[in-house]
Amino acid sequence: MTSLPAADPAPSQSLADLSIEELMNESVTSVSKKEQRLGDVAAAVTVLTNEDIRRAGVTSLPDALRLVPGMDVGTVNSSEFAVSARGFNLAYANKLLVLVDGRAVYSPLFAGVYWDLQQPMLEDVDRIEVIRGPGATVWGANAVNGVVNVVSRSARETQGTLTYAGGGDVHEALGGVRYGGQIGANTYYRVFATFQSNADYPLADGQPAHDHWQGRTAGFRLDHYPDPDTHLTWQADATGADFDSGYNVNTLGRWTRQLTRTSSVEVQAYYDRTYRNDPTQVRLLTHTFDVTLQHTFNLTGRNAVIWGLGYRYVINDMAQTTPQIAVLDGDLHAQLFSAFVQDEFKLVPGRLTFTAGAKLEHNDTTGFEFQPSVRLVFNPTGRQTVWAAVSRALRTPDEVEGRNVVAIAVGPPLVGPDGGLYLPSLVSNAALKAEVLFAYELGYRIQPTKRVSVELAAFSNHYDHLVTYATVERFVPGTPFGLAAIPWANLYRIESYGGEATLTVSPADSWRLTAGYAFDQESAHGPAAVLQGLSSGPPRHQASLRSAHDLTPRTNLDVQLRYVSGLATTPAYFTADLRLAYRPTNHIELSLVGQNLLDEQHPEQPPVIFTEVSEIPRGFYGKILWRF
C-alpha cells in the first residue's frame with residue numbers, strides 16, 4: 001500500500017480563487033450528458049459549487065436550491081420540503097427530476113421526491129447542476145420543469161479526514177465524519193457518516209407542531225483508475241429518517257472508458273430500496289433496478305453524437321395503515337424501456353451550433369412516448385452567448401393516478417342515488433394520457449468585464465392534458481360504505497410565461513455580489529369546477545441578493561436576502577440568512593449561521609392533504625469543521 005496523499009484542500013482563502021470568468025467556464029454535464037462549458041449551453045443552468053454550498057451555511061439539499069433564481073423552495077415542516085422550478089410547486093411536486101450521482105430519486109408512487117431521505121454529506125458534493133426548463137430529451141419523463149443533478153467528488157479528491165459538529169435552537173445537532181484512503185497505486189476510497197436533528201417547528205399560533213426530526217446517513221465510495229482512459233466507481237449509502245418512518249439503501253456502479261479523443265462509452269447500474277411507514281398514508285417498500293448505456297462519438301469534424309439505452313424495473317409492496325387510504329393492489333411491478341439520440345452540429349465552428357435530439361420511452365401506463373427538442377447556440381463574441389430551445393416533455397401518470405393501487409378518501413360519506421352512504425374517494429384511471437409540455441425558451445449571457453456577468457432567460461410554457469380530479473362519476477355499493485369514485489382525469493391546461501435574471505459583480509477580489517430575480521405568470525383553462533379547486537399558482541415574483549465577502553484572508557461573511565411574493569393562502573415573506581466563519585488555522589473552521597432572521601416565523605406552503613404544515617422559524621447554529 002502506498003502512502004496517503006495530503007488531505008483534501010482547505011476552504012478557499014479568497015474569492016479570487018474562482019473568478020467570474022472561471023465560473024462561466026465551469027463544466028456541466030446535465031444538459032447533454034457530456035461535458036460542456038457553462039457559458040455555451042443552450043439552457044437556463046446554474047451551477048452551485050462546493051464553495052457556494054459551504055459558504056451558504058445550508059444543512060440540506062432543498063435549502064441549497066434556494067440559491068438558484070427561479071427555483072421555488074418551500075418548507076412544509078421540520079423534515080419535508082416542496083421543491084420545483086417554474087411553477088407547479090406543492091408538497092407532492094412531480095415535474096422536477098432529481099438525480100444524485102446519476103441515480104433518479106423520485107418515487108414512482110407520486111412522481112415526487114422524499115427530500116428527508118436525500119442527505120448526502122454536503123462537504124463531499126462537488127457541485128449541484130440545476131436546469132430550469134425541460135431536460136426530457138436525455139433524461140426522460142418527469143424532467144418537465146427542470147433537472148437537479150447532484151454530483152459528488154471522487155474518492156481521489158477527498159483523501160484524509162474531515163469531521164464536523166455543531167448545533168443550535170432549530171438545527172439542534174449536526175455532525176459528520178469522513179475518511180479517505182488509498183489501496184494500491186490506482187484505487188481510492190472514502191467512508192462517511194452524518195447525523196442531524198431538527199427541533200419542532202411552530203404552527204401558525206406559535207404552538208409546537210411536534211414534527212421533531214432526525215436523519216442519519218452512512219456510506220462509502222470506491223474509485224479505481226486502471227489506466228488514464230478508464231474509470232470505475234462503486235458507491236453505496238444508507239439513510240434513515242427517524243428510523244421508524246423511513247429509510248433508503250442504494251448502491252451504484254459505473255464504468256467509463258475514453259475510447260478516442262472524441263469517443264467514450266459509459267455503463268451504469270444501480271439498485272435502490274426505499275421504505276416509508278407513514279400512519280397517515282401507506283406503508284411502502286419500493287425496489288428499483290436500473291441500468292443504462294451511453295456512447296459518444298464524432299460523425300465528422302462538425303457532428304458530435306450521443307446515444308443511449310436504458311431499462312428500469314420497479315417493484316412496489318404496499319400495505320394499508322389508515323382507513324382513509326384503501327390499498328387495492330399491494331404488489332405492483334412496472335418496467336420502463338428507453339432510448340435517446342442527440343446530434344450536435346457546428347454550423348459555424350466557434351460561432352453557431354445546432355443540436356437536435358429525441359427520447360423514446362415505453363412505460364406500463366401510457367405505452368410509447370416521444371420527447372424531442374432542438375437547441376441553437378450563437379456566440380457573437382467570446383464573452384456573449386445567445387441561445388434558443390424548443391422542447392416537448394412529458395410527465396407520465398404516477399401509480400396513484402394511472403394504476404389501480406389505492407383509493408383515497410377525500411371527504412365524509414355522502415348519500416348516493418339509492419339512498420345508501422358512499423365514501424367519496426380518488427381512484428385511478430387506466431385511460432389517462434401523459435401530461436404534455438411544449439416549452440419555448442430564449443436566453444442571453446454576457447460577461448462585459450472580468451468582474452461582471454449577466455444571465456437572462458425567458459420561457460413560454462404550454463401544458464396540456466394536466467391531471468386532476470373533479471366530481472363523482474360512479475357509485476360502487478359496499479359495506480359499511482359504498483365507494484363514490486372520483487377518477488383522476490386529464491381535465492385542464494395551463495399557459496405560463498416568465499423568466500429569470502442573474503447579475504454577478506465582484507467589486508473587489510475579496511467581494512462578490514449576486515442578484516437574482518424570477519417572474520412567473522400562469523393562466524389555467526378547463527371546467528369551472530376544476531379551476532376552482534386549483535392552487536393559486538407559483539409566486540409571481542422572487543428576488544434575492546447574495547453577498548460573499550472575505551473580510552480578511554481567514555474571515556468570511558456571507559449574507560443572503562430573499563423575497564417571495566404571496567399566494568392566495570400564503571403571505572409574502574422577506575427574510576435574511578447570515579454566515580460568519582473564521583479559520584484559526586488552515587485546517588479548522590469555526591462558523592456561526594443565522595437563518596430566517598427578519599421574522600420569528602412564517603409559512604411557506606399552503607395546506608397539504610394528509611400532512612400537517614408548520615411554519616419555518618428563525619434559527620441559529622454554530623459549527624466547527626476540522627480537516628486533517
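The values are calculated or read from the model by the stated rules, or taken from the named source; none is laboratory data. These figures come from a predicted structure and were not determined experimentally. Because the Cβ atoms are built from the backbone with ideal geometry, glycine has one as well, and the counts that use them run over all protein chains shown.
Figures for the structure shown
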{"item": "Test for residue 137: is it more than 30 Å from residue 612 (Cα to Cα) and in contact (Cβ under 8 Å) with a residue 12 or more places away in the chain", "result": "yes"}
{"item": "Any pair with Cβ under 9 angstrom, 6 or more apart, that starts in region 479-501 at a residue that is in contact (Cβ under 8 Å) with a residue 40 or more places away in the chain and closer than 30 Å to residue 538 by Cα and ends at one that is of a type in the set (Ser, Thr, Tyr) and part of a loop (DSSP other than H, G, I, E, B)", "result": "486/469; 486/471; 487/428; 487/469; 488/428; 488/469; 489/469"}
{"item": "Identity of the residue in region 35-73, assigned to a helix (DSSP H, G or I) and of a type in the set (Asp, Glu), that ends up nearest to the chain's Cα centre (by Cα)", "result": "63"}
{"item": "Residue match in region 285-294 (condition: in contact (Cβ under 8 Å) with a residue 60 or more places away in the chain, within 23 Å of residue 38 (Cα to Cα) and of a type outside the set (Val, Ile, Thr))", "result": "yes"}
{"item": "Pick from region 452-487, criterion among the aromatic types (Phe, Trp, Tyr) and within 16 Å of residue 415 (Cβ to Cβ), ranking: modelled with the highest pLDDT", "result": "475"}
{"item": "From 200, 223, residue being among the acidic types (Asp, Glu), surrounded by 15 or more Cβ atoms within 10 Å (Cβ to Cβ) and either in a loop (DSSP other than H, G, I, E, B) or under 21 Å from the mean Cα position of the chain (by Cα) (or both)", "result": "200"}
{"item": "Residues (outside any strand (DSSP E or B) and either farther than 30 Å from residue 322 by Cα or of a type in the set (S, T, N, Q) (or both)) located in region 604-628", "result": "605, 614, 618, 628"}
{"item": "Residues of region 293-349 that turn out to be of a type in the set (S, T, N, Q) and in a strand (DSSP E or B), as a count", "result": "9"}
{"item": "Residues being at pLDDT 95 or above and either in contact with a Ser or Thr (Cβ under 6 Å, 6 or more places away or on another chain) or assigned to a helix (DSSP H, G or I) (or both) - total across region 513-539", "result": "3"}
{"item": "Evaluation of residue 237 against (1) under 20 Å from residue 271 (Cβ atoms); (2) of a type in the set (D, E, K, R); (3) over 21 Å from the mean Cα position of the chain (by Cα) (one fails), failing number", "result": "(3)"}
{"item": "Residue in region 393-410 that is of a type in the set (Lys, Arg), within 30 Å of residue 610 (Cβ to Cβ), out of contact with any Pro (no Cβ under 6 Å at 6 or more places or on another chain) and not in a strand (DSSP E or B) present", "result": "yes"}
{"item": "Residue identified as surrounded by fewer than 19 Cβ atoms within 10 Å (Cβ to Cβ) and assigned to a loop (DSSP other than H, G, I, E, B) among 185, 165", "result": "185"}
{"item": "Any chance residue 454 is within 30 Å of residue 285 (Cα to Cα), in contact (Cβ under 8 Å) with a residue 24 or more places away in the chain and of a type outside the set (Phe, Trp, Tyr)", "result": "no"}
{"item": "Hits in region 393-450 (condition: within 30 Å of residue 23 (Cα to Cα) and touching a residue at least 40 places away in the same chain (Cβ under 8 Å))", "result": "393, 439, 440, 441, 442, 443, 444, 445, 446, 447, 448, 450"}
{"item": "Condition check for residue 625: free of Cβ contacts under 8 Å to residues at least 60 places away in the same chain and hydrophobic (A, V, I, L, M, F, W, C)", "result": "no"}
{"item": "Qualifying residue in region 259-278 (condition: among the basic types (Lys, Arg) and part of a loop (DSSP other than H, G, I, E, B))", "result": "yes"}
{"item": "Criterion (surrounded by 16 or more Cβ atoms within 10 Å (Cβ to Cβ), assigned to a strand (DSSP E or B), of a type in the set (Ser, Thr, Tyr) and modelled with pLDDT of 95 or more) met by exactly one of 256, 251", "result": "251"}
{"item": "Residue in region 379-389 that is under 29 Å from the mean Cα position of the chain (by Cα), within 14 Å of residue 136 (Cα to Cα) and surrounded by 19 or more Cβ atoms within 10 Å (Cβ to Cβ) present", "result": "yes"}
{"item": "Filter result for the condition that a residue is of a type in the set (D, E, K, R) and within 22 Å of the chain's Cα centre (by Cα), over 546, 627", "result": "546"}
{"item": "Filtered residue count, region 152-162, keeping only those that are surrounded by 19 or more Cβ atoms within 10 Å (Cβ to Cβ) and part of a strand (DSSP E or B)", "result": "2"}
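A quick yes/no check of all residues on (1) under 22 Å from residue 110 (Cα atoms); (2) among the aliphatic types (A, V, I, L, M); (3) outside any strand (DSSP E or B):
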| position | (1), (2), (3) |
| --- | --- |
| 419 | no, no, yes |
| 423 | no, yes, no |
| 433 | yes, no, yes |
| 443 | no, no, no |
| 455 | no, no, no |
